[in-house]
Amino acid sequence: MNNKGEEMKNTLARKAEQVGDKIQGNWNEIKGKLKQKYAELTEDDLVYAEGKEDELYGKLQKRLGISREEAEGAIRSITR
């Protein structure tokens, strides 16, 4: 992989880690806001385990019928 590709990969990894840290630190608040915004989400949809952000995004995608990017955006908009 060239330097540009490696740099982008590292940047994406850092951003994912930052989002994961924000999710973990404020999960109860985030969960409440997601339930307000998306009433169709269940407690099972909103089970979060540290390091398992991909599973959370997958559950949101499936339940809400949205893309991965939209699921990440929904979390990011709440964690800002």
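Taken together, the values in this text are just the output of simple stated rules run on the coordinates, not laboratory data. Everything numeric here is computed off the predicted structure, so don't read it as measured data. Neighbour counts run over all protein chains shown; Cβ positions are idealised from the backbone, glycine included.
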Problem set entry | Loop GluC sites (Glu not before Pro), the stretch 42-80, which have at most 13 other Cβ atoms in a 10 Å radius of their Cβ (DSSP) | Glu43, Glu50
Problem set entry | Ranking of Lys59, Lys37 by count of other Cβ atoms within 10 Å, fewest first | Lys37, Lys59
Seminar exercise, completed: Neighbours of Lys62 by Cβ distance under 13 Å: Lys/Arg at +1, Asp/Glu at -1, summed charge -3
Exercise. Between Lys37 and Glu6, how many nm apart are label points set 7 Å from Cα along the C-beta direction?
Worked result: 3.6 nm
Exercise. Between Leu46 and residues 5 or more places away or on another chain, which pairs have amide H atoms under 5 Å apart, with H built 1.01 Å from N, and which residues are they?
Worked result: none
Seminar exercise, completed: Quick note, the stretch 30-80: a/c under 1.5 would make it rounded; otherwise a/b > b/c is prolate and the rest oblate (a ≥ b ≥ c, C-alpha gyration tensor); here it is rounded
Exercise. Ordered by residue, what ³J(HN,Hα) values in Hz, to whole numbers, does the stretch 32-47 give under the Karplus form 6.51 cos²θ - 1.76 cosθ + 1.60, where θ = phi - 60° and Gly and Pro are x?
Worked result: x, 5, 5, 5, 5, 6, 10, 4, 6, 6, 9, 4, 4, 5, 9, 6
